[in-house]
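See below for the structure under consideration.
Values in this text are rule-based calculations from the coordinates and carry no lab data. It should be emphasised that the depicted structure is a prediction, and the values quoted were computed from it without experimental measurement. All Cβ positions, even for glycine, are placed from backbone atoms using ideal geometry, and neighbour counts span all protein chains on display.
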Amino acid sequence: MLATYLGGVDREHFVVCMLDQKNHVIGIHTVSMGSLTASIVHPREVFKAAILANAATILCGHNHPSGDPQPSQADRAITHRLADAGKLLGVNVVDHIIIGSAGRYFSFADAGLLRAS
């Protein structure tokens, strides 16, 4: 779903997918559109959409226009910051997926890099 949503964009986009209690998508919100190499993300903007949608959990995603889905230090930092904020708010962050090119992606959950709830 994220590859379809972010596949053709030429700059970084950060999106949040809001999920219900059964992990069904109830909405997608574009939090920010950045430059070729960066997108500014603030937890307030991510969780505002989730709270208004009554989401139980969220899945974050963004693309790397370079095609390389490996996370930067900034990607790692915002993921941990969002997970911490989610714990405080009671809205679990289930994953942060980075979309690359040619079907490549990086999942923080699959890599074991998301802090346990």
Kindly indicate which of Ile99, Ile28 is within 14 Å of Leu2 (Cβ to Cβ) and buried (at least 18 other Cβ atoms within 10 Å of the Cβ). Ile99
Looking for something without any contact (Cβ under 8 Å) to a residue 12 or more places away in the chain and in a loop (DSSP other than H, G, I, E, B) - is there at least one such residue anywhere in region 91-108? no
Restricting attention to region 1-44, which residues are within 12 Å of the chain's Cα centre (by Cα) and among the hydroxyl-bearing types (Ser, Thr, Tyr)? Thr30, Ser32, Ser39
